[in-house]
Amino acid sequence: MSKVHVFNAGPCVLPQVAIDNAVSALKDFNGTGVSVLSISHRTKEWEAVMDECRSLWKELLNIPDDYEVVFLGGGASLQFLYVAMNFLEKKAGYLDTGVWAHKALKEAQGLGNAEAVACSADKNYSYIPKGYVIPSDLDYFHITTNNTIYGTEIKEDIDCPVPLIADMSSDILSRPVDVSKYAMIYGGAQKNAGCAGVAFAIIRKSALGKVSRYIPTMLDYRIHIDKESMFNTPPVFSIYVMNETLKWLKSIGGVKKMHELDVKKAGTLYAEIDRNALFTGTAAKEDRSIMNVPFVMAQGYENLQDEFLSFSKERGMVGIKGHRSVGGFRASLYNACSQEDVDALVVCMQEFEKIHK
């Protein structure tokens with residue numbers, strides 16, 4: 001079979017070593033003779049995996065001692081509700097920069113007073129708002145650091161006068177982060193941190209316990225911290241794959257090295273989009289994401305969209321069709337996507353240009 005190049009927006013391409021180790025664990029988990037799908041989460045062998053996974057998160061992101069890492073089911077979408085349930089008392093502010101940011105805001109509005117401090121919907125979420133003022137009376141300010149559909153990204157840790165909470169589902173572990181600037185960071189694993197089925201939450205413990213409402217047990221971060229993510233049966237297989245993915249990331253040099261590789265990959269593809277007469281980018285250049293690269297056919301070539309999708313598929317490109325809400329194309333360059341994959345896509349675009357220009 002010819003090589004395929006995976007650009008799926010999620011679930012994403014995984015490191016091959018993580019896949020190989022997961023396959024082995026499906027048959028025999030760490031020499032126990034039991035599949036990882038059947039292992040009890042109360043065994044010392046499994047507890048060792050949980051401990052290692054937490055430790056790797058803390059090491060890779062240099063997480064301060066007053067934070068804890070928990071692993072939860074339900075994906076980032078359930079975290080939208082978790083956040084409001086645990087942090088919203090009087091008023092919350094949200095930066096509305098895309099579909100997922102807007103959904104997070106909507107969940108908070110279902111519980112109390114939450115408003116968009118700034119929004120980029122006026123230009124189809126193609127940019128990150130600038131110059132907005134964060135009110136000092138907010139319980140928290142919520143941002144979505146990377147917008148998978150529209151290809152924009154907040155690339156630095158912002159200064160915030162109130163507790164800052166960030167959905168980093170699609171750019172976590174792609175750059176160094178000053179965790180101390182955040183009350184909480186969360187996300188789904190299925191972009192850079194593993195396979196679908198588990199979400200991570202990095203929480204400053206002292207930020208909890210500030211709301212007066214009753215919090216259902218399963219939605220109370222304090223319970224999951226106290227029970228070390230095992231109040232109920234955790235998503236065992238997904239956490240195993242997450243641990244193997246973090247081990248791979250550490251082995252190649254960690255987050256700082258990964259950021260260098262990710263910047264190079266994105267730069268290669270954006271340079272071709274800007275050069276190639278047949279294609280054009282859709283996100284504001286100053287806000288372009290290094291994780292998700294959306295582009296469309298240039299003016300006058302719109303009728304070639306379906307042909308390019310077929311052309312690229314024949315050459316092994318997988319997952320470059322744009323999100324159904326915006327169309328066009330999108331190449332997701334998550335950590336395990338290689339420079340070789342990006343180079344192959346660039347060659348494909350160049351070959352297509354030669355045919356039609």
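Brief remarks follow.
- Residue match in segment 116-125 (condition: under 27 Å from M218 (Cα atoms), modelled with pLDDT of 95 or more and outside any helix (DSSP H, G or I)): no
- Set D341, D287: member being under 20 Å from Q190 (Cα atoms) and either out of contact with any strand residue (DSSP E or B) (no Cβ under 6 Å at 6 or more places or on another chain) or of a type in the set (D, E) (or both): D341
- When D137 is tested against the conditions (1) open to solvent by 40 Å² or more (accessible area, probe 1.4 Å); (2) out of contact with any Lys or Arg (no Cβ under 7 Å at 6 or more places or on another chain); (3) not polar (S, T, N, Q), the lone failure is (2).
- Qualifying residue in segment 26-43 (condition: touching a residue at least 40 places away in the same chain (Cβ under 8 Å), surrounded by 15 or more Cβ atoms within 10 Å (Cβ to Cβ), within 26 Å of S126 (Cβ to Cβ) and out of contact with any Pro (no Cβ under 8 Å at 6 or more places or on another chain)): no
- Unmet requirement for P216, which otherwise passes all of (1) on the phi < 0 side of the Ramachandran plot; (2) in contact with a strand residue (DSSP E or B) (Cβ under 9 Å, 6 or more places away or on another chain): (2)
- Residue check for I225: under 14 Å from V69 (Cβ atoms), open to solvent by 10 Å² or more (accessible area, probe 1.4 Å), touching a strand residue (DSSP E or B) at 6+ places or on another chain (Cβ under 8 Å) and not in a loop (DSSP other than H, G, I, E, B): yes
- Residue check, A189 crowded, with 20+ Cβ neighbours inside 10 Å, modelled with pLDDT of 95 or more and either of a type in the set (A, V, I, L, M, F, W, C) or touching a helix residue (DSSP H, G or I) at 6+ places or on another chain (Cβ under 7 Å) (or both): yes
- Total residues in segment 333-357 satisfying the condition of being basic (K, R) and assigned to a helix (DSSP H, G or I): the figure is 1.
- In segment 84-103, residue surrounded by the most Cβ atoms within 10 Å (Cβ to Cβ) [restricted to those that are in contact with a strand residue (DSSP E or B) (Cβ under 6 Å, 6 or more places away or on another chain) and within 19 Å of L219 (Cα to Cα)]: A92
- Filter result (touching a strand residue (DSSP E or B) at 6+ places or on another chain (Cβ under 8 Å) and farther than 27 Å from S120 by Cβ) within segment 242-277: M242
- Extreme residue, surrounded by the most Cβ atoms within 10 Å (Cβ to Cβ), among residues of segment 140-158 that are under 15 Å from the mean Cα position of the chain (by Cα) and assigned to a loop (DSSP other than H, G, I, E, B): G151
- Residue within segment 261-278 that is basic (K, R), surrounded by fewer than 16 Cβ atoms within 10 Å (Cβ to Cβ) and assigned to a helix (DSSP H, G or I) present: yes
- When every residue of segment 202-214 is checked against the conditions, none turns out to be under 18 Å from the mean Cα position of the chain (by Cα) and hydroxyl-bearing (S, T, Y).
- Here S212 passes the criteria (1) small (G, A, S); (2) more than 23 Å from A9 (Cβ to Cβ); (3) surrounded by 17 or more Cβ atoms within 10 Å (Cβ to Cβ) except the one numbered (3).
- Residue tally, condition under 18 Å from Q190 (Cβ atoms) and either among the hydrophobic types (A, V, I, L, M, F, W, C) or at pLDDT below 90 (or both), over segment 325-335: 2
- Those residues of segment 1-50 which are within 22 Å of the chain's Cα centre (by Cα), assigned to a loop (DSSP other than H, G, I, E, B) and hydrophobic (A, V, I, L, M, F, W, C), in sequence order: F7, A9, C12, V13, L14
- Residue within segment 168-182 that is surrounded by 20 or more Cβ atoms within 10 Å (Cβ to Cβ), touching a residue at least 60 places away in the same chain (Cβ under 8 Å) and of a type in the set (F, W, Y) present: no
Condition check ((1) in a strand (DSSP E or B); (2) open to solvent by less than 10 Å² (accessible area, probe 1.4 Å)) across all residues:
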residue: V293; (1), (2): yes, yes
residue: V296; (1), (2): yes, no
residue: G300; (1), (2): no, no
residue: N303; (1), (2): no, no
residue: F311; (1), (2): no, no
residue: S325; (1), (2): no, no
residue: A331; (1), (2): yes, yes
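- When K90 is tested against (1) more than 30 Å from K123 (Cβ to Cβ); (2) part of a helix (DSSP H, G or I), just one condition goes unmet, and that condition is (2).
The values are calculated or read from the model by the stated rules, or taken from the named source; none is laboratory data. Just so you know, these numbers come straight off a predicted model, no measurement behind them. Here the Cβ is made from the backbone with ideal geometry for all residues, glycine too, and neighbour counts use every protein chain on show. SASA here: full protein model, heavy atoms, side chains in, ligands and nucleic acids out. Shrake-Rupley method; radii C 1.70, N 1.55, O 1.52, S 1.80 Å.
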